[in-house]
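Reading through the structure tokens given below for one structure.
Every number in this text was worked out from the coordinates using simple rules, so none of it is lab data. Everything quoted here is computed from the prediction, not taken from an experiment. When we count neighbours, we look across all protein chains shown, and the Cβ atoms used for this are built from the backbone with ideal geometry, even at glycine.
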Amino acid sequence: DDDHPIFKEDVGTMTNEELMETSDIPGWDLVSTAPRKFPRGSLVGTVVSTKMQKTVNVAVDRYRVVDRFGKRQRYTRKFMAHDEEEVANEGDLVLILPCHKLSKRKHFLLSEILRAKGRL
């Protein structure tokens with residue numbers, strides 16, 4: 001295992017100038033980009049209704065594994081989210097963030113539109 005390129009050079013002995021050049025860092029080619037981190041409690045879903053003023057209805061799909069059969073079961077829950085500028089349209093993929101209670105059933109804010117309807 002010591003023949004692997006990551007073990008050939010000690011990163012601790014490299015200077016800052018050498019570290020700035022990423023191709024010189026041992027094992028750099030093995031590093032992939034980290035997945036995007038969403039804030040705690042955030043949900044990604046599809047806008048299913050925009051009929052209310054400054055409010056959108058977002059359907060969030062979740063999956064659970066049924067132990068008996070070992071299959072994934074999809075279940076959908078709808079959340080109301082506050083859309084201050086009323087920019088979301090039906091079919092958009094959006095990110096919603098939890099917030100304080102805004103009304104009886106609304107406790108999410110529309111953070112951003114991840115993908116507009118019809119875009120891949």
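Within the straight-line cut-off of under 26 Å between alpha carbons, the lysines reachable from residue 117 are 37, 51, 54, 78, 106, sequence neighbours fewer than 8 places apart in one chain being disregarded. Placing R0 at 35 angstrom, the Cβ-Cβ distance between residue 84 and residue 17 gives a FRET efficiency of 0.15 after rounding to 0.05.
Residues whose amide H comes within less than 5 Å of that of residue 49, counting only those at least five positions distant or on another chain, are 57 (H built at 1.01 Å from N in the peptide plane).
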